[in-house]
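Following: one structure in structure tokens, then a few remarks.
Please treat every number below as a calculation from the coordinates, not as lab data. No experiment lies behind these values; they were computed from the predicted model shown. All Cβ positions, even for glycine, are placed from backbone atoms using ideal geometry, and neighbour counts span all protein chains on display.
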Amino acid sequence: METCIALFRGINVGGKNVLPMKDLRSALEDIGARNVQTYIQSGNAVFRTDENDVRLLADRIRTLTGERHGFEPHVLVLTLQEMEDAVSSIPFPEAESEPKNLHLFFLASAPEDPDLDALGNVRGELERFALKDRTFYLHAPEGLGRSRLAARAERLLGVPVTARNWRTVRKVLILAQECDRDT
């Protein structure tokens, strides 16, 4: 049995793509997930599953959401180990003290041909970024909303992404580790 984290993109934003966390927990349980917990309304769930293929699991969650709620959000499923690796590989540890300005963009797959030059050209003067495997790290001291780099990252990386700030990443990781221990 594996502990996994499901990260949803674009749900419960501005009254669109509404997916109550109660419904999300129920849907995950209906596809065999156990010990399901959610964190905040933006679509972060941790659970235990017998399914070994996280891409298949993400597809099943997306399809079930479409059947029940009429929209199919992008869903990225990570194993606990993948989340722990992303957290332990943070290239800007001094930025952890600014959890609102440090972001991890989780990628659907490793980019084949990311345009790192273009990423460097659009980055703000104070911004720093790094790409490691399936995680794009962004320290945006002036805020994510003001970052041209954040706005263009997905297109320049060439793969679907979903981003979380450092505070959310840490909280979700703690939930997943607790879920893993509760077995």
Per-residue HN-Hα couplings for segment 156-173 [Karplus 6.51, -1.76, 1.60; θ = phi - 60°; Hz; x = Gly/Pro]: 6, 7, x, 9, x, 9, 9, 10, 9, 7, 4, 4, 5, 4, 5, 5, 5, 4
Principal-axis tilt of helix 54-69 within the chain, Cα atoms, nearest 10 degrees: 70
Environment charge at Asn17 (Cβ cut-off 15 Å; Lys +1, Arg +1, Asp -1, Glu -1): +1
Under the helix-only model (-39500 (n - 2.57) for each DSSP H run of 4 or more, divided by the residues of the chain), the mean residue ellipticity at 222 nm, to 500 deg cm²/dmol, is -11500 deg cm²/dmol
Over all Cα pairs of segment 84-166, how is the pair count split among 10 Å bins, expressed in % and running from 0 up to the last occupied bin? 19, 57, 23, 0
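Could you check how many percent of all C-alpha pairs in the chain are farther apart than 22 Å?
Values: 7497 of 16653 pairs.
So the portion of pairs separated by more than 22 Å is 45 percent.
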Taking a straight Cα-to-Cα line shorter than 14 Å from Lys16, and setting aside same-chain aspartates and glutamates fewer than 8 residues away, one finds Glu72
Compute, for segment 84-166, the length of the dipole vector about the Cα centre, with Cβ point charges of +1 (Lys, Arg) and -1 (Asp, Glu) only. Units Debye, rounded to 20. 300
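So how do 130-138, 153-161 stack up, highest first, on mean other-Cβ count within 10 Å?
130-138, 153-161
Rounded to the nearest 0.05, what FRET efficiency do Arg25 and Ala130 have when you use their Cβ-Cβ distance and R0 = 30 Å?
Values: r = 34 Å, r/R0 = 1.13.
Using R0 = 30 Å, I get an efficiency of 0.35.
With +1 on each Lys and Arg Cβ and -1 on each Asp and Glu Cβ, how big is the dipole of the chain about its Cα centre, in debye rounded to the nearest 20? Kindly include the intermediate steps, with their values, before the conclusion.
Numbers: 24 positive and 28 negative charges, 141 e Å.
It comes to approximately 680 debye.
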Calculate the spin-label point distance for Asp53 paired with Lys171, positioning each point 7 Å from the Cα along the beta-carbon direction, and give it in nanometres. 3.4
Whole-Å distance linking the alpha carbon centroid of segment 65-143 with that of segment 152-176 is 4
What is the calculated FRET efficiency for Asp182 to Asp117, with r their C-beta to C-beta distance and R₀ = 41 Å, to the nearest 0.05? 0.35
